[in-house]
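Student: Sharing a structure, written as C-alpha cells. Questions coming.
The values are calculated or read from the model by the stated rules, or taken from the named source; none is laboratory data. Just so we're clear, the structure is a prediction, and the values are computed from it rather than from any experiment. Counting neighbours? That spans all protein chains shown, and the Cβs are built from the backbone with ideal geometry, glycine included. Ligands, DNA and RNA are stripped out before the accessible areas are found, and what is left, the full protein with its side chains, is counted by its heavy atoms. Shrake-Rupley method; radii C 1.70, N 1.55, O 1.52, S 1.80 Å.
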Amino acid sequence: MKLRHCCTSLLLLFTSISAHSDFFTSIGHMTDLLFMEKDLVSSLKDYIRAEEDRLQRLKRWADKLDVLSTAGSQDPEGFLGHPVNAFKLIKRLNTEWTELESLVLTDLSDAFVSNLTIQRQHFPNDDDQTGAAKALMRLQDTYKLDTETISSGQLPGSSSVATVSSGLTVEDCYDLGKVAYSEVDYYHTELWMAQALKQLDQGEESSTVDAAAILDYLSYSVYQQGELERALDFTKRLLELDPSHQRANGNLKYFEYQLSKQNKLVGQDDEEERQRTRRESRGRRDDYLPERKQYEKLCRGEGIRMTPRRQSRLFCRYYDNARHPRFVIGPLKQEDEWDSPHIVRYHDIVSDRDMEKVKELAKPRLRRATVHDPQTGKLITAHYRVSKSAWLGAYEHPVVDKINRRIEDITGLDVSTAEELQVANYGVGGQYEPHFDFGRKDEPDAFEELGTGNRIATWLLYMSDVQAGGATVFTDIGAAVKPKKGSAVFWFNLYPSGEGDYRTRHAACPVLLGNKWVSNKWIHERGQEFRRRCGLHWTD
C-alpha cells in the first residue's frame with residue numbers, strides 16, 4: 001500500500017525550524033542511546049579501576065626501589081659488598097625491570113576502546129546535534145521560554161529530581177548560539193550568546209569559551225538585526241578584553257560610520273519607530289504568517305475560542321452506541337471536547353498492557369515520519385512533521401486487530417477500508433504543524449491508489465501522558481485537546497455531503513517535557529454508505 005503513509009497536506013503555509021536528524025525525534029530510540037552510554041560508562045570505570053590497580057603496583061615498586069637505591073647510594077661499595085645485595089641488583093636489572101617494562105607498556109584500554117568502537121556506529125552525528133539544538137529553540141519560541149529558564153533546566157512541569165543534571169553550561173549555550181548563527185538566525189544567536197556571557201559574568205568557569213569569542217558573535221548578530229548602537233557597545237567591550245582583535249577594530253570604525261550616517265538621515269521619532277518595528281518582528285522568520293501565532297498561542301493554552309455559554313453545553317455521558325452488544329453492560333465514558341465541529345473523547349479505551357504491546361511492536365520499525373507530496377506523488381521527510389512513526393496491520397498481532405475492532409464498535413464505521421494503525425512517537429521538540437487529514441479539491445488524486453475514497457474521519461489514541469506541551473490543537477476553531485493516556489479523540493473530516501470540513505485543520509504541538517506516544521486510524525469513505533447517512537448540505 002504505497003500511500004498508506006499519506007498526509008494529504010500540500011506544502012503548509014509556513015515552515016518551521018526543522019531537524020535533519022532521526023535520533024531526537026523519538027524518545028524510544030533515544031532510550032537505547034541512554035543505556036548504551038550507561039554501558040560505556042561502566043566499561044570506562046572498569047578501565048579506570050584496572051589502570052589504578054596497575055599504578056598502585058608501580059608505585060609500590062618505585063617506593064621499594066627508592067628505599068634500596070637511597071640506602072645503596074650512601075655507601076655503594078659497602079652495600080654491594082654484601083653478596084645478597086649484589087645478587088638482588090643483578091636479578092632486578094636482568095628480570096624484574098623487564099617485567100616492570102612490560103607492566104608499563106601493557107595497554108589496558110583495549111577492552112574499553114573495542115566497546116567504544118563497536119558502539120560508535122550508533123552515536124548521533126553533527127546533524128543530530130544541530131537538530132536537537134533547533135528543537136530547543138523551537139520550544140523556546142512556541143512556549144515563550146527565556147534562555148535562563150531553559151539553561152537552568154527549570155521547565156514548566158519538570159520535577160526537582162529531573163532538573164538536577166538538566167542545566168546548560170557556558171559551552172552548551174555558546175554551542176546553541178553557534179547553531180543559530182550557522183542557520184543565519186541572528187535572533188537566537190543573540191539570545192544564546194547573551195546567556196553564555198551572563199553565566200560567565202556570574203562566575204561560571206569555562207576552559208574552552210571566553211568572553212571575547214562570545215562578544216564577537218553578539219556584536220555581529222545584533223548588527224544584523226539593525227541595532228547599531230548595541231553592536232557598537234559589544235564591540236567596544238570586546239576591544240577592552242582584546243585591543244588587538246583585528247575584526248573588532250575594523251567593525252568599530254564601520255559601526256561608528258554607519259551610526260553617524262544613520263543619525264543624519266533619520267530623525268529621532270523615525271528611529272524610535274524603526275526600533276519598535278524591529279522589536280515586534282524579532283524572532284519571526286521570513287515565512288511568518290498569522291496562523292503560526294494562533295498555533296503557538298493554542299499550544300500555550302491561550303486563544304481558545306470557547307465561550308462559557310457554549311462550554312455549558314458540553315457534556316460527559318455513558319455511551320453505548322445505540323445499545324451495541326459490547327457496551328450495553330459496560331458503556332463507555334464519552335466527553336465532548338468541542339461542539340462544532342463535534343470532537344469527542346472516549347476515556348479508558350485501551351488497557352496499559354495493550355498499549356505497551358503496540359509500542360513494543362512499533363519500536364523496531366520507527367522511522368522519521370514521511371508525508372505524501374502531492375506535487376510528485378512520492379513520500380518525503382517533511383520539515384513540518386518532526387516525529388517517528390511505524391505502521392501496524394491487523395494481521396500482525398491480535399492486539400492490533402483488537403484495537404481495530406474496538407474503533408469500529410465505538411464509531412460505527414467500517415474500518416476494513418481504513419489505513420493501517422499508525423503509531424507515532426514525538427520526542428524532544430516533536431511536532432506536526434497545522435494540516436488537514438482529508439484530501440482537498442486541489443488534491444483530486446490524493447487517495448486514488450488506495451481506491452477507498454477520502455478520509456472521512458480521524459481516530460487518535462493517546463498512549464502516554466505528557467508532562468508539558470504536546471496538545472492537539474485546531475487552529476481554525478481555536479480548540480486544544482490535551483493528551484491523556486488511554487483516551488482517544490474522534491472527529492469527522494468530511495461533512496455528510498462529502499465536502500471537506502476545513503474547520504478540522506489541526507496540529508500536534510511540540511512536546512516540551514515528556515514522551516508522547518499516539519496511534520491513529522484514518523477511516524475512509526468506502527464502506528460507510530450505510531453507516532453514516534449522506535446529506536446534500538454542509539452540516540455536522
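Student: Would you say Lys293 is surrounded by fewer than 16 Cβ atoms within 10 Å (Cβ to Cβ) and under 21 Å from Phe436 (Cα atoms)?
Tutor: Answer is yes for this residue.
Student: Separate question: Failed condition for Glu529, given (1) farther than 23 Å from Arg345 by Cα; (2) in contact (Cβ under 8 Å) with a residue 60 or more places away in the chain; (3) not aliphatic (A, V, I, L, M), with all others met?
Tutor: (2)
Student: Residues that are open to solvent by less than 10 Å² (accessible area, probe 1.4 Å): which strands (runs of 3 or more DSSP E) entirely in segment 424-505 hold 3 or more of them?
Tutor: 431-435, 455-462, 472-474, 488-492
Student: To continue, here is another question. Looking at segment 506-523, can you tell me whether even one residue there is modelled with pLDDT of 90 or more and open to solvent by 30 Å² or more (accessible area, probe 1.4 Å)?
Tutor: No, every residue in segment 506-523 fails to be modelled with pLDDT of 90 or more and open to solvent by 30 Å² or more (accessible area, probe 1.4 Å).
Student: Here are some residues: Leu139, Leu103, Leu155, Leu176. Which one is in a loop (DSSP other than H, G, I, E, B) and aliphatic (A, V, I, L, M)?
Tutor: Selected residue: Leu155, the only one of Leu139, Leu103, Leu155, Leu176 that is in a loop (DSSP other than H, G, I, E, B) and aliphatic (A, V, I, L, M).
Student: If you don't mind, another one. Going by the structure shown, is Thr130 open to solvent by less than 90 Å² (accessible area, probe 1.4 Å) and at pLDDT 80 or above?
Tutor: Criteria met by Thr130.
Table: residues versus (1) modelled with pLDDT under 90; (2) in contact with a Pro (Cβ under 9 Å, 6 or more places away or on another chain).
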residue	(1), (2)
Ser281	yes, no
Tyr288	yes, no
Tyr295	no, yes
Met306	no, no
Arg309	no, no
Ser312	no, no
Tyr319	no, yes
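Student: Right, here's the next one. Just one of the numbered conditions (1) under 23 Å from Asn493 (Cα atoms); (2) open to solvent by 30 Å² or more (accessible area, probe 1.4 Å) is not true of Ile410; which one?
Tutor: (2)
Student: Would it be correct to say that Thr95 is at pLDDT 80 or above and surrounded by 10 or more Cβ atoms within 10 Å (Cβ to Cβ)? Steps first, please.
Tutor: Numbers: at pLDDT 80 or above: no; surrounded by 10 or more Cβ atoms within 10 Å (Cβ to Cβ): yes.
Against the criterion (at pLDDT 80 or above and surrounded by 10 or more Cβ atoms within 10 Å (Cβ to Cβ)), Thr95 does not qualify.
Student: Looking at segment 133-181, which of its residues are hydroxyl-bearing (Ser, Thr, Tyr), in contact with a helix residue (DSSP H, G or I) (Cβ under 8 Å, 6 or more places away or on another chain) and modelled with pLDDT of 90 or more?
Tutor: Thr142, Tyr143, Thr147, Ser151, Thr169, Tyr174, Tyr181
Student: State the number of residues belonging to segment 40-98 that are closer than 26 Å to Ser109 by Cα and either in contact (Cβ under 8 Å) with a residue 40 or more places away in the chain or aromatic (Phe, Trp, Tyr) (or both).
Tutor: Qualifying residue count for the region: 12.
Student: Right, here's the next one. Could you say whether any residue in segment 115-127 is within 17 Å of Val170 (Cα to Cα) and not in a helix (DSSP H, G or I)? Talk me through it step by step, then tell me what you get.
Tutor: Applying the first criterion (within 17 Å of Val170 (Cα to Cα)) to segment 115-127 yields none.
Looking for residues that are within 17 Å of Val170 (Cα to Cα) and not in a helix (DSSP H, G or I), one finds none in segment 115-127, hence no.
Student: Would you point out which residue out of Asp210, Asp110 is modelled with pLDDT of 90 or more and open to solvent by 20 Å² or more (accessible area, probe 1.4 Å)?
Tutor: Working: Asp110 fails: modelled with pLDDT of 90 or more.
One residue alone meets the criteria, Asp210.
Student: Restricting attention to segment 222-266, report how many residues are acidic (Asp, Glu) and farther than 24 Å from Trp192 by Cβ. Give the steps one after another, and end with the answer.
Tutor: Of the residues in segment 222-266, the ones acidic (Asp, Glu) are 227, 229, 233, 240, 242, 256.
The next check asks that each one be farther than 24 Å from Trp192 by Cβ; those that pass are 256.
The total comes to 1.
Student: Where residues in segment 317-350 are in a strand (DSSP E or B) and within 19 Å of Glu408 (Cβ to Cβ), which of them is most open to solvent (accessible area, probe 1.4 Å)?
Tutor: Lys333
Student: Working only within segment 222-239, note down all residues that are more than 15 Å from Asn263 (Cβ to Cβ), buried (at least 20 other Cβ atoms within 10 Å of the Cβ) and of a type in the set (A, V, I, L, M, F, W, C).
Tutor: Once the filter is applied, which keeps residues that are more than 15 Å from Asn263 (Cβ to Cβ), buried (at least 20 other Cβ atoms within 10 Å of the Cβ) and of a type in the set (A, V, I, L, M, F, W, C), segment 222-239 yields Val222, Phe234, Leu238.
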